[in-house]
1. In percent, how large is the relative contact order of the range 46-97, given Cα pairs closer than 8 Å and 6 or more residues apart?
2. Report the accessible area of E112, computed with a 1.4 Å probe over the heavy atoms of all protein chains in place, in Å² rounded to the nearest 10.
3. Note the per residue figure in Å³ for the convex hull of the C-alpha positions in the range 42-124.
4. With θ set to phi - 60° and the Karplus curve 6.51 cos²θ - 1.76 cosθ + 1.60, what are the ³J(HN,Hα) couplings of the range 153-158 in order, to the nearest whole Hz, using x for Gly and Pro?
5. Quick check on the range 95-191: what are the equivalent-ellipsoid semi-axes from the Cα gyration tensor, as sqrt(5λ), descending, whole Å?
6. So what is log10(I(q)/I(0)) for the range 138-191 at q = 0.28, 0.31 1/Å, when the Debye sum runs over its Cα atoms only?
7. Just the number, please: Stokes-Einstein D of the range 79-148 in µm²/s, Kirkwood Rh from C-alpha pairs, 37 °C, 0.692 mPa s.
8. How high is the relative contact order of the range 49-141, in percent, counting Cα pairs under 8 Å that sit 6 or more residues apart?
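The values are calculated or read from the model by the stated rules, or taken from the named source; none is laboratory data. Nothing here was measured: the structure is a model prediction, and the numbers come from that model. Heads up, the Cβs are rebuilt from the backbone with ideal geometry, glycines too, and the neighbour counts pull from every protein chain shown. Protein only, heavy atoms only, side chains kept; ligands, DNA and RNA dropped before computing areas. Shrake-Rupley method; radii C 1.70, N 1.55, O 1.52, S 1.80 Å.
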Amino acid sequence: MIVQKISLESSNVLLLRGKLKSMTMKIKLTLLTFFAAFALTASAQSDYQNSIGVRLGSGYYDVFAAAFKTFISQPAALEFDLGIRPYSGWAKRTNLSLSGAYQHHFPIGDIEGFKWFVGGGLVLSNTFSDVEGIKGFNAGIFPTGGVDYKLKNAPFAFSADIRPTIHLVNGSDYGYNNFYANGGLTARYVF
């Protein structure tokens, strides 16, 4: 029985090492892609200065967020999202989050108003619950990438992004090894 337990623990350690190596390789590849994009692509013109709207996310910390985006230079923008994610079930809880991201935009061909972007950001969130083990403060970092389209004849912009988030502080023990896939669709009014 003791030999079986030691063998099981050894196989769990090897499995964890394999997962960590895989995650490390994905992070390195994402960062390499991010820096290659900066080195190989010319800067883009912004089609708008500011926008405000909603972001629908798939992440652990937000499923609905108020989104604000502002261009600080021609290709560079900052996006801020104030999000919420309620959960139901055996342990009701609610996540509130604030995220901020830097995005560097590049044109896609000759399509006016259509750009792709890369960048990175930070998310701070808090999980509120009556269950002690699944509440607390969380903080994470993420690379981001996606596309942004500003309608030509209307004051609206739409974007789709991905934000694979690594939580450096995870206050709740509910989680996926501190890694959360997060994608989102955003619709904003341009002003």
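1. Numbers: 98 pairs, mean separation 15.6, N = 52.
About 30 percent, as a whole number.
2. 120 Å²
3. Hull volume over Cα atoms, normalised by residue count, gives 94 Å³.
4. My calculation for the range 153-158 gives 10, 9, x, 10, 10, 10 Hz in order.
5. Details: eigenvalues 213, 40, 17 Å².
Whole-Å semi-axes of the equivalent ellipsoid: 33, 14, 9.
6. Ignoring solvent entirely, the Cα scatterers give -1.01, -1.13.
7. 233 µm²/s
8. 20 percent
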